[in-house]
Structures are given as C-alpha cells and as structure tokens.
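Take a look at the structure set out below.
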C-alpha cells in the first residue's frame, strides 16, 4: 500500500468522509512530528502499531581495499521499528 492508497482507504473509512487533502496534511504532519521527535532521541510509540526507536550503531573495524589497511568506521544512529505485541 502506498501513500495515495492509504489516504483513499482512510477517506472511505471515515464517517462523515473527510477530504483527501486534509488527510494528506494530517499524515504529512504526523511524519514530520515523528522525525523531529526521533531527532531529539526520544522514541515514538503508537499503541497497537509499534514503536520507532533510535539505536546507536557502533563503529566497526574493517579492511579498506582502497587504502590497503585496516580502518574503523564512524558510529552512527539508525531508526528501528519495533512492532507492537498486541494483535
């Protein structure tokens, strides 16, 4: 399901129906707020759906074929989705 299909499905489910433009605006704002919250390091939890958590990826030691020597990568952060246990 892509974004357009999701918006259409939400529009059909609502009673009374809401315009697809308003649903798009709400979805875009929800994603924007989720991004800002994750940027602060705080997890985003949606009951019955799951959580978006920022995890640290530690630096790793590897062989660089370009430099012909062992080197260490930078550590980074990754967004991870953890599904809800409720079914």
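The values are calculated or read from the model by the stated rules, or taken from the named source; none is laboratory data. This structure is a prediction, so every number in the text was calculated from the model and none was measured. Cβ: placed from backbone, ideal geometry, glycine included. Neighbour counts: every protein chain shown.
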The residue that is farthest from residue 83 (Cα to Cα), considering only those in region 28-53 that are surrounded by fewer than 11 Cβ atoms within 10 Å (Cβ to Cβ) and in contact (Cβ under 8 Å) with a residue 12 or more places away in the chain, is 41
Among the residues of region 75-87, the number that are surrounded by fewer than 10 Cβ atoms within 10 Å (Cβ to Cβ) and modelled with pLDDT of 90 or more is 2
